[in-house]
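Written out below as structure tokens is the structure these notes cover.
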């Protein structure tokens with residue numbers, strides 16, 4: 001008899017499905033280009049606000065966004081049945097930083113040249129707030145080209161490499177939350193995290209086998225080192241542990 005997916009994971013996957021379906025509306029609020037366009041014009045835009053929210057939330061919630069809300073994450077988890085291979089993250093996690101650092105440099109440079117932000121347009125590069133409707137000054141075909149390029153990128157990477165490969169390699173959103181998580185750990189204030197209980201663990205390895213980010217969760221439990229910057233707090237390890245050796249906690253810790 002096939003094991004039923006735990007209720008929490010059904011809710012999480014339903015939320016991810018919903019955010020993926022709504023991606024044609026929200027795409028430009030998560031766009032790496034729109035924030036550059038806004039910086040060039042000195043316009044405080046929706047993309048900037050969203051990335052700021054991700055960073056601020058990570059100070060208390062870690063990368064919960066990635067595990068529960070991200071539309072690209074939802075797409076990749078839907079693709080898991082095609083290629084469920086674990087990804088050797090440590091070999092490729094650096095790639096997103098090679099993308100992110102020059103990108104941030106461009107944003108800051110353009111903003112300085114524009115003399116800072118002097119106007120606000122949260123719906124920049126959208127049509128009435130809808131991303132794939134295009135912007136008033138450019139044909140709608142460009143919006144669709146960008147949309148399908150992003151979809152293809154985050155679909156092909158997990159198909160070719162393995163589970164959530166896009167999160168490990170090209171995601172421009174993850175570094176904001178990794179930095180926020182590092183700051184949280186530096187100052188060690190209470191926040192959402194995982195706690196492990198090695199004495200309750202039976203080494204069944206279900207936590208590691210089912211981790212969407214291909215983390216060695218079993219070793220994390222055994223060594224009492226549950227903090228990992230690639231952990232997206234999806235709770236899959238919690239819900240696959242029959243011994244309740246892993247749980248959520250709002251507490252201090254590093």
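The criterion of being within 30 Å of residue 228 (Cα to Cα) and not in a loop (DSSP other than H, G, I, E, B) holds for residue 75. Regarding residue 115, is this residue surrounded by fewer than 18 Cβ atoms within 10 Å (Cβ to Cβ) and within 26 Å of residue 45 (Cβ to Cβ)? The answer is yes for residue 115.
Scanning segment 80-87 finds no residues that are part of a helix (DSSP H, G or I) and surrounded by 16 or more Cβ atoms within 10 Å (Cβ to Cβ). Out of 36, 43, one residue alone is in contact (Cβ under 8 Å) with a residue 40 or more places away in the chain, in the same structural domain as residue 124 (by TED's automatic domain parsing) and out of contact with any strand residue (DSSP E or B) (no Cβ under 9 Å at 6 or more places or on another chain). It is 36. Does residue 51 meet the test of being within 21 Å of residue 109 (Cβ to Cβ) and either free of Cβ contacts under 8 Å to residues at least 60 places away in the same chain or under 14 Å from the mean Cα position of the chain (by Cα) (or both)? So residue 51 fits the description; yes.
In segment 147-247, counting only helices (runs of 4 or more DSSP H) that sit wholly within it, the ones holding 3 or more residues that are assigned by TED's automatic domain parsing to the domain that holds residue 11 and surrounded by 14 or more Cβ atoms within 10 Å (Cβ to Cβ) span 165-169, 174-187.
Quick grid of which residues meet (1) within 24 Å of residue 92 (Cβ to Cβ); (2) modelled with pLDDT of 95 or more:
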| residue | (1), (2) |
| --- | --- |
| 157 | yes, yes |
| 162 | yes, yes |
| 165 | yes, yes |
| 173 | yes, yes |
| 196 | no, yes |
| 218 | yes, yes |
| 224 | no, no |
| 237 | yes, yes |
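Hey, any hits in segment 125-132 for a residue that's exposed (fewer than 13 other Cβ atoms within 10 Å of the Cβ) and either outside any loop (DSSP other than H, G, I, E, B) or on the phi > 0 side of the Ramachandran plot (or both)? Scanning segment 125-132 turns up at least one residue that is exposed (fewer than 13 other Cβ atoms within 10 Å of the Cβ) and either outside any loop (DSSP other than H, G, I, E, B) or on the phi > 0 side of the Ramachandran plot (or both).
The values are calculated or read from the model by the stated rules, or taken from the named source; none is laboratory data. All figures in this text were calculated on a predicted structure; none of them were measured in a lab. Backbone-built Cβ (ideal geometry, glycine too); neighbour counts: all protein chains shown.
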